[in-house]
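Following: one structure in structure tokens, then a few remarks.
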Amino acid sequence: MLVALTVAVSVAALALAAWCGFAAYRDQPTKDWHFIGMAVVAVLALAQLVVGIVQLARGERADEGSVIFVSYLLGALLAVPAAGFLSLSERTRWGSVTVAAGAVVLAVLEVRLHDIWGG
């Protein structure tokens, strides 16, 4: 697993969480700019999924098993988009809180992915 990509996804997710948390603090719902940020984080998570699957296809193995590794990769990919869709149904400050929470979940999943791979 590429450590640099894992760190990049984690940092981007925490930046998104801080940004949306600040919007919630200011009593603002998610706006178009937040969705652009979510798209950037989702693209990074997608790149990580592709890299992880390619490494598994090359014969490298995760310490805790390939099935759990791919499951965590899929969960990491879906964490922020799921929070984004939920924020669309809640057009108050709580939509921003939802996205911030989803981004924190993604950062935690990244730490766990690093552990599963053998870091």
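The values are calculated or read from the model by the stated rules, or taken from the named source; none is laboratory data. Since this is a predicted model, take the numbers as computed values, not measurements. Note that we place each Cβ from the backbone using ideal geometry, even for glycine, and neighbour counts take in every protein chain shown. Ligands, DNA and RNA are stripped out before the accessible areas are found, and what is left, the full protein with its side chains, is counted by its heavy atoms. Shrake-Rupley method; radii C 1.70, N 1.55, O 1.52, S 1.80 Å.
A DSSP coil position with no more than 16 other Cβ atoms inside 10 Å describes the following trypsin sites (Lys or Arg not before Pro) in the stretch 26-119: 26, 31, 58, 61, 91. The helix-only estimate of mean residue ellipticity at 222 nm for the chain, built from DSSP H runs of length n ≥ 4 each weighted as -39500 (n - 2.57), is -29000 deg cm²/dmol after division by the residue total.
Taking every protein chain into account, the accessible area of the stretch 1-117 amounts to 53 square angstrom per residue (probe 1.4 Å). Taking only the C-alpha atoms of the chain, the Rg (one decimal) and the largest Cα-Cα distance, Dmax (whole number), read 14.8, 49 Å. Expressed per residue, the C-alpha convex hull volume of the stretch 8-62 stands at 70 Å³.
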